[in-house]
1. List the number of the failed condition for Asn346; all other conditions in (1) out of contact with any Lys or Arg (no Cβ under 8 Å at 6 or more places or on another chain); (2) more than 16 Å from the ligand (Cβ to nearest atom); (3) modelled with pLDDT of 95 or more; (4) farther than 30 Å from Arg425 by Cα hold.
2. Please return the ranges of strands (runs of 3 or more DSSP E) entirely within the range 128-224 where 3 or more residues are under 20 Å from Val420 (Cβ atoms).
3. Using the structure shown, decide if Val303 is in contact with a helix residue (DSSP H, G or I) (Cβ under 6 Å, 6 or more places away or on another chain) and modelled with pLDDT under 95.
4. Using beta carbons and a limit of 6 Å, which pairs, at least six apart or on different chains, have the first residue in the range 325-349 and in contact (Cβ under 8 Å) with a residue 12 or more places away in the chain and among the β-branched types (Val, Ile, Thr) and the second one assigned to a loop (DSSP other than H, G, I, E, B) and more than 16 Å from the ligand (Cβ to nearest atom)?
5. Out of (1) within 16 Å of the ligand (Cβ to nearest atom); (2) touching a strand residue (DSSP E or B) at 6+ places or on another chain (Cβ under 7 Å); (3) over 24 Å from Thr292 (Cβ atoms), what's the single condition that is false for Ile438?
6. Return the only residue of Val187, Val181 being in the same structural domain as Asn161 (by TED's automatic domain parsing), in contact (Cβ under 8 Å) with a residue 40 or more places away in the chain and closer than 16 Å to Ile291 by Cβ.
7. Need a quick list: strands (runs of 3 or more DSSP E) entirely within the range 249-357 having at least 1 residues that are among the polar types (S, T, N, Q).
8. Filtering the range 155-201 down to residues that are more than 6 Å from the ligand (Cβ to nearest atom) and of a type in the set (Lys, Arg), which residue is surrounded by the fewest Cβ atoms within 10 Å (Cβ to Cβ)?
Amino acid sequence: MAITSSNLGVLLCLALFSHLAFSAPIDRKGILSLLLDLLTKKNDNACCTALDRFLPGKVSFPTNLSYTSSQITFWSAQEQSLHPSCIVIPTSTQDVSTAVTILNPLPATAGHTDHNFSHTPHAGAANIDGGVTIDTQSLNQVTVSSDQKTVSVGPGNRWGNVYSTLDALNVAMVGGRLSQVGVAGLVTGGGVSFFSGRYGFACDNIKAYEVVLGNGTTVTATSTSNPRLFRALKGGSNNFGIVTRFDAVLFQQDAFLGGQIDQPITNKEAYFDFLADFTQSETYDPFSALITVFAWLQSVPIVTIMHTVTYTNGSASWPPPAFKPLDDMPKLSSSVRKAKLSSFANEIGGDAAISQGKNNFFVTLSFVNNPAVTPEFMKQVYKLVDDAAQDLFLALGLALTMAFQPLPHVLYSKGGDENVLGLGRFEDDLINLLFTVIWPDPLNNQMVYDRMRTLENALIGLAKDNGIYNEWVYLNYASQWQNPITAYGASEVAFLKSVSKQYDPQGIFQKAVPGGFKLGL
Ligand SMILES: Cc1cc2nc3c(=O)[nH]c(=O)nc-3n(C[C@H](O)[C@H](O)[C@H](O)COP(=O)(O)OP(=O)(O)OC[C@H]3O[C@@H](n4cnc5c(N)ncnc54)[C@H](O)[C@@H]3O)c2cc1C
């Protein structure tokens, strides 16, 4: 959570503090007395001072090494470029509750983060200038239940940490595909996994959330206790509270097949045909997962196609029928092997590491898979993206990727209406497109955003012309100007707003926490 610092800080801390009188299990009297004292002394940084007093050793200031160490864990240079007045690094749920209780009163311009290699690229998604940022890096427990049916995961984990624990027990959960990505953002925004064909989104497999609400109280949300909050958290992102624990379903998982297959660009038409066939619910093999990335690198004249393939039925041999047509195409290289989950998460994580600390940009859209139209549509998409890449290469050191991910109806409907992603209103098989751009020089930021926005509009127009446009926007891949919450559909938005009014009547996570995608309240 990030809160703006200003001279108003003290006043606002006090103003709202009174609302918390009966809610937070902390030393309220002590906080009040300290804030009054700071107010009297006209302390400019009252909230950070109060946080430091009540959470000794857990608050970092810009001159501390721990502050810098926390800041560099942001994935994108845009997020790293913001400078909170202080960073709170809680080590328990109680610490989070104490911090929120102190910060609750803050002004309408705060931000929020629980960052652990925070992967949302745009500035302010999970960090803030001149405010308070909560970094959950130390809330990194991974506790498997004695019957090995569930795992309690702290929000400050990265997937690599979770998977190394689970691999040792031959179990797995539905989670992210790269080791270094953070747990909390991915799960509260949905979460596409190697296992989504079998079990749906990561959020569909959470059985309980422990959440610190805006008034500092801690609640547990399950299907029977706080069920509306439970549902809202399945896609509702950071709009309701700070999740301090996720209890996820585990399943048995032995080593399985997977790896990266690189192909020459001359395969692209054959690949487009393959993807249109692969993404059909009637024939979709739930054990298979595919991400295909086309990469344009300024320094390399040839576009490469990179497929990450996984087949999570541990007793199958390569290639299973789902991947045979792809595997039969000419290859540049293949790392397909049988290995454990961590091995694949580390492999793709290693490839993506190049973008860390650079300026990063995401934008996404989805289109309906109509095999009669899809291959030709994708050829035209390729041409438009290639044009954009040539324009963007004005920026030195730039890389642009286009990733295709199948979202057949059988996959995205697994969660039924238990999540708020709004996909229940569709019946088509979908293909998700994610564009990422990476570049070193911040002077090129606006040029990149403008060109990518032009590209996005052109692609939407093309999809509409072909009758295959779909309005859904995946929150975890959305750009700063996209509105994934609205794209969940009117009834889900109304539901989310009503849950916000019930659990956050002060609107702390709408106003005092401006980062991320808000509900429009
Ligand atoms: C290299 C890379 C690989 C990726 N791979 C995948 C993938 O395989 N599957 C997939 O679905 N997505 C993937 N993504 C997208 C990813 O899901 C999002 O970027 C997601 O936001 C990352 O979560 P985070 O916790 O690291 O992010 P952050 O930027 O820290 O947080 C994202 C949002 O969540 C909020 N938040 C953080 N912690 C909490 C908390 N404890 N309680 C409430 N709200 C919180 C933040 O305020 C922020 O609004 C990937 C992204 C990158 C850059």
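1. Of the numbered conditions (1) out of contact with any Lys or Arg (no Cβ under 8 Å at 6 or more places or on another chain); (2) more than 16 Å from the ligand (Cβ to nearest atom); (3) modelled with pLDDT of 95 or more; (4) farther than 30 Å from Arg425 by Cα, the odd one out for Asn346 is (2).
2. Details: elements: 132-134, 142-144, 150-153, 206-212, 218-221.
Where strands (runs of 3 or more DSSP E) fall fully within the range 128-224 and carry at least 3 residues being under 20 Å from Val420 (Cβ atoms), they are 206-212, 218-221.
3. Numbers: in contact with a helix residue (DSSP H, G or I) (Cβ under 6 Å, 6 or more places away or on another chain): yes; modelled with pLDDT under 95: yes.
Yes: the conditions hold for Val303.
4. Every condition considered, the pairs that remain are Val336/Trp318.
5. (3) is the only condition that Ile438 fails.
6. Val181
7. Fully inside the range 249-357 and qualifying: 256-264, 288-297, 300-311.
8. Arg198
The values are calculated or read from the model by the stated rules, or taken from the named source; none is laboratory data. All of these numbers come straight from a predicted model, not from anything done at the bench. Because the Cβ atoms are built from the backbone with ideal geometry, glycine has one as well, and the counts that use them run over all protein chains shown.
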